[in-house]
Structures are given as structure tokens and as C-alpha cells.
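As C-alpha cells, the structure follows; a few thoughts come after it.
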Amino acid sequence: MLFFITLIAVSTLVGFALLSARVKAFWARVRQGFTILRDRRRYFRQVYLVQFYGWLCRAAGFWFLLEAFHIGGSVRNVLLVFGVNAVATIVPFTPGGAGVQQALLVKVFSGEATGATVAAYSVGQQVATAVTSFCLGLASVIFIFRFRSFKEVIRAGRADEEREKAGRGGLASSDPAAPRARG
């Protein structure tokens with residue numbers, strides 16, 4: 001019994017030591033993330049304006065989709081869609097709130113359009129958003145990292161792993177398959 005208690009105590013101390021290092025690293029990354037808040041002008045330019053532009057693009061997309069499905073594009077309806085999207089994201093029953101979002105939108109727009117029309121709008125909106133996000137993300141990866149194929153991505157990942165294993169994780173690579181920084 002004494003051996004068992006000692007083993008538990010030592011395991012607890014080792015676990016605490018390992019976790020404390022990870023917790024310190026985590027909080028260091030959190031502090032790094034909040035660094036931009038110290039420079040208000042930089043925050044406004046690089047965070048606020050970009051986020052605001054993104055919200056405007058989403059609102060315009062919602063407006064045009066509401067008009068396309070004859071539900072009626074208005075500021076009220078766009079804000080309702082934003083609210084439903086937020087609630088559907090909070091309720092994690094399905095990926096992306098699929099199903100939850102359709103049910104909520106059918107209820108919210110019950111007086112303005114038929115349930116089938118609203119459900120079709122909601123599915124169309126989710127598909128359009130997913131396809132647009134995928135295409136923009138892929139274009140960004142190609143533009144920023146200049147990868148032309150998935151083979152290049154895999155080669156660059158393996159090269160990074162090799163450098164990290166060799167202890168040279170931060171050094172620049174002469175490997176042509178490695179991601180090239182834009183200059």
C-alpha cells in the first residue's frame with residue numbers, strides 16, 4: 001500500500017510539472033495574442049477595419065441571397081440572419097449548425113415566406129458560404145505560400161519536420177519545396 005501511495009504521489013508531481021510547463025507556454029501565447037491591443041492605431045488598421053469589412057461583405061451576401069429567394073432583403077432581415085447564425089453556432093448539435101439554422105430561420109421568417117422557401121434559402125446560404133470560404137482559402141494559400149500542388153505542401157511539411165528534428169526549426173531552408181516568403 002505504501003508503494004502504491006508513493007507511486008500516485010510521484011505521478012501527481014510529474015504530471016503537475018509537465019502541465020505547469022504547458023500552462024506557462026499557453027499563457028505566453030495568450031499574452032502574445034493580446035499584444036496588438038496595446039497599439040490602438042495598429043489594432044484599428046489591422047484588426048478592426050478588416051473585421052468590419054468582413055461583416056459588411058457577409059451582410060451584403062445575406063442581403064442578396066434573401067432577395068434572390070424572395071424573402072426580402074432588409075436591414076432587419078439581415079440582422080435576423082446574423083442572430084440565427086450566432087445561435088446556431090452556439091448550439092453544437094451538428095457541424096456548422098446545419099439543421100438548427102434551418103429550423104430557426106423557418107420560425108423567424110414564418111410570416112414572410114413559406115417554410116420550404118426559407119429552408120431552401122438557408123441551405124443555399126450555407127452552401128454558398130462554404131464554397132466561397134473554401135475557394136478564398138485555397139486562393140490565399142496559393143497566393144501567400146505559392147504552393148501549386150498538394151505534393152509541394154506535403155514536401156514542405158516533411159522538410160519542416162526534418163528541420164525541427166535536427167534542431168534547426170527556426171533557420172531558413174534552401175529546400176526549393178519549402179514555403180517561400182513573399183518579399
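The values are calculated or read from the model by the stated rules, or taken from the named source; none is laboratory data. Quick caveat, the model's predicted, so the values are computed rather than measured. So basically every Cβ, Gly included, is an ideal-geometry build from the backbone, and we count neighbours across all protein chains shown. These area figures cover heavy atoms from the full protein model, side chains too; ligands, DNA and RNA do not enter into them. Shrake-Rupley method; radii C 1.70, N 1.55, O 1.52, S 1.80 Å.
Tally time: how many residues in segment 111-167 are part of a loop (DSSP other than H, G, I, E, B) and surrounded by 12 or more Cβ atoms within 10 Å (Cβ to Cβ)?
Residues that pass the stated criteria total 5.
Can you tell me which of (1) open to solvent by 30 Å² or more (accessible area, probe 1.4 Å); (2) touching a residue at least 60 places away in the same chain (Cβ under 8 Å) is the one residue 62 doesn't meet?
Of (1) open to solvent by 30 Å² or more (accessible area, probe 1.4 Å); (2) touching a residue at least 60 places away in the same chain (Cβ under 8 Å), only one is false for residue 62: (1).
Which one of the conditions (1) surrounded by 10 or more Cβ atoms within 10 Å (Cβ to Cβ); (2) of a type in the set (Phe, Trp, Tyr); (3) over 30 Å from residue 121 (Cβ atoms) does residue 52 fail to meet, given that it meets all the rest?
(3)
Scan segment 122-152 residue by residue and report those that are over 15 Å from the mean Cα position of the chain (by Cα) and without any contact (Cβ under 8 Å) to a residue 12 or more places away in the chain.
Listed by number, the residues that qualify are 127, 139, 142, 143, 148, 149, 150, 151.
If you take the residues in segment 41-87 that are in a helix (DSSP H, G or I) and among the hydroxyl-bearing types (Ser, Thr, Tyr), which one is nearest to residue 112 (Cα to Cα)?
Here the residue is 53.
Select, from 75, 84, the only residue that is open to solvent by 90 Å² or more (accessible area, probe 1.4 Å) and either under 28 Å from the mean Cα position of the chain (by Cα) or free of Cβ contacts under 8 Å to residues at least 24 places away in the same chain (or both).
75
Given the structure, is residue 105 open to solvent by less than 70 Å² (accessible area, probe 1.4 Å) and either part of a helix (DSSP H, G or I) or more than 17 Å from residue 128 (Cα to Cα) (or both)?
Criteria met by residue 105.
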